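Each remark here refers to the structure printed beneath this line.
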Amino acid sequence: MNILFHIIHLRGLYLILMLEVEKLVEKTEGTLRSIGEKVLEGKRLSFEEGVKLFYEADLSYVASLAEYINRKKNGMFAYFVVNAQINPTNICIYQCNFCSFGVTKSDPKAYEMKLEEILRKVEETYKMGGREVHIVGGIPPHWEYENYISIVKEIKKAFPEVIVKAWTAIEIHHMSKISGKSYEEVLLDLRNAGLDAIPGGGAEIFSERVRKIIAPYKAKAEEYLEIHRTAHKLGIPTNATMLYGHLETFEERIEHMERLRELQDETGGFQVFIPLAYWPEGNKLGGKRTSSVDDLKTIAISRIFLDNFDHIKAYWITLGEKVAQVALNMGADDIDGTIVEEKIVHSAGTKSALGHTKDKLIKLIRGAEKIPVERDTFYRPIAIYP
Ligand code: V47
């Protein structure tokens with residue numbers, strides 16, 4: 001009875017929002033109204049319309065449109081995963097200006113985890129019921145091709161049930177360089193070792209103007225996209241990110257999303273888009289953390305613009321729990337997971353407390369009046385908590 005009441009209540013909330021958004025669009029004038037009408041009709045926005053939303057629409061307008069789309073796609077469900085992030089080393093040859101995590105080999109903060117330590121962390125997650133490990137780190141000058149392969153292989157050997165989401169396009173590009181193998185050959189080697197999916201890191205911002213300043217040495221936008229294209233063709237699902245809130249313009253944010261949207265039209269292999277808010281402490285680029293309003297507008301506009309993406313992730317590590325919770329009513333339908341340990345954004349100043357249990361994430365989602373769904377890496381539901 002209680003559950004039935006709950007479902008009717010949520011269904012009511014869903015329908016009320018749909019009607020309110022239709023009324024809101026009717027009351028709006030000019031181009032913003034025609035953009036709203038396009039959203040209601042399920043039509044795709046142009047580059048210019050995406051940019052216009054950033055410059056001219058207020059948060060409540062984009063949030064309403066985004067949530068309208070989100071509820072059509074995902075109903076009242078919001079996803080989380082019981083997972084662990086493992087950052088096996090912070091030694092990195094690239095030294096990107098926005099990054100506070102990567103250091104040189106001689107830096108006193110440099111570390112490299114031993115395989116046993118990595119396996120111990122996977123085991124802890126496994127015992128907690130976790131079925132995903134997300135592996136991303138630096139690119140040490142002395143690591144060989146086998147180092148990357150064997151981490152995946154050993155995890156899969158010890159924990160066959162664990163889904164391994166490992167190595168960004170940046171690591172895969174590097175693996176191709178040091179081995180002389182094509183992207184396809186590298187990806188096949190990784191898949192044979194047990195790789196299941198590729199995380200979205202390393203996209204930063206595709207604009208060549210900004211990339212030259214913030215990440216001059218790492219793989220270019222075209223290389224990132226080509227690696228994801230190749231993975232999709234091999235049936236390996238991937239995620240996509242965008243680092244925003246540093247030097248990029250609104251036009252460059254939409255350009256970034258447009259390139260992802262084009263690739264998604266071609267392959268359909270992206271599972272989720274994750275806007276990552278830039279944190280400025282402890283790196284060469286510096287600057288200021290952008291506002292929460294900008295965070296929420298970026299999430300909402302990405303939900304509206306990326307009509308061929310099923311999911312938008314509000315990554316609580318970069319947003320903070322409260323903003324991530326609000327984002328679940330402004331277009332996002334996923335908050336990532338328990339994570340356990342995270343060093344990349346924590347080195348750059350985020351204060352998001354770690355060590356969240358599954359119960360805490362369920363509570364966070366319920367606080368947003370959404371139905372928590374524990375998922376696996378591929379968005380297959382594991383359990384629903386009405
Ligand atoms: O690529 C680095 C970002 C990314 C900073 O695929 C920073 O499900 C903010 O990609 N401020 C790595 N961000 C993390 C990542 C990710 C996270 C969660 C889920 C998934 C997924 C992927 O972190 C890097 C970079 O864009 N990053 N430095 C910084 N100062």
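The values are calculated or read from the model by the stated rules, or taken from the named source; none is laboratory data. Only a predicted model underlies this, so the values are computations on that prediction, with no experimental measurement involved. Positions of Cβ are backbone-derived with ideal geometry, glycine not excepted, and every protein chain shown enters the neighbour counts. Side chains included, ligands, DNA and RNA excluded: accessible areas come from the protein's heavy atoms. Shrake-Rupley method; radii C 1.70, N 1.55, O 1.52, S 1.80 Å.
Data for the structure
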{"item": "Conditions (1) away from the ligand (no atom under 11 Å from the Cβ); (2) surrounded by fewer than 24 Cβ atoms within 10 Å (Cβ to Cβ); (3) of a type in the set (Gly, Ala, Ser): number failed by residue 300", "result": "(2)"}
{"item": "Close pairs from segment 174-203: first in a loop (DSSP other than H, G, I, E, B), partner open to solvent by less than 40 Å² (accessible area, probe 1.4 Å) and of a type in the set (Lys, Arg), Cβ under 6 Å, at least 6 apart", "result": "199/165"}
{"item": "Those residues of segment 312-340 which are open to solvent by 20 Å² or more (accessible area, probe 1.4 Å), aliphatic (A, V, I, L, M), part of a helix (DSSP H, G or I) and within 16 Å of the ligand (Cβ to nearest atom), in sequence order", "result": "323"}
{"item": "Those residues of segment 274-295 which are out of contact with any helix residue (DSSP H, G or I) (no Cβ under 6 Å at 6 or more places or on another chain) and in a helix (DSSP H, G or I), in sequence order", "result": "294"}
{"item": "From 358, 343, 351, residue being within 16 Å of the ligand (Cβ to nearest atom), open to solvent by 10 Å² or more (accessible area, probe 1.4 Å), touching a residue at least 60 places away in the same chain (Cβ under 8 Å) and basic (Lys, Arg)", "result": "343"}
{"item": "Matching residues in segment 238-272 - criterion: being within 19 Å of residue 291 (Cα to Cα) and open to solvent by 50 Å² or more (accessible area, probe 1.4 Å)", "result": "247, 249, 250, 251"}
{"item": "Hey, residue 309 within 10 Å of the ligand (Cβ to nearest atom), open to solvent by less than 20 Å² (accessible area, probe 1.4 Å) and either part of a helix (DSSP H, G or I) or not aliphatic (A, V, I, L, M) (or both) or not", "result": "no"}
{"item": "Residue list for segment 130-146, filter: more than 16 Å from the ligand (Cβ to nearest atom) and open to solvent by 30 Å² or more (accessible area, probe 1.4 Å)", "result": "141, 142, 144, 145, 146"}
{"item": "Single match in 155, 151 (criterion: over 18 Å from residue 343 (Cβ atoms), outside any loop (DSSP other than H, G, I, E, B) and in contact with a helix residue (DSSP H, G or I) (Cβ under 8 Å, 6 or more places away or on another chain))", "result": "155"}
{"item": "Given (1) touching a residue at least 60 places away in the same chain (Cβ under 8 Å); (2) closer than 30 Å to residue 189 by Cα, number of the condition residue 275 does not satisfy", "result": "(1)"}
{"item": "Total residues in segment 244-273, condition under 26 Å from residue 337 (Cβ atoms) and in a loop (DSSP other than H, G, I, E, B)", "result": "4"}
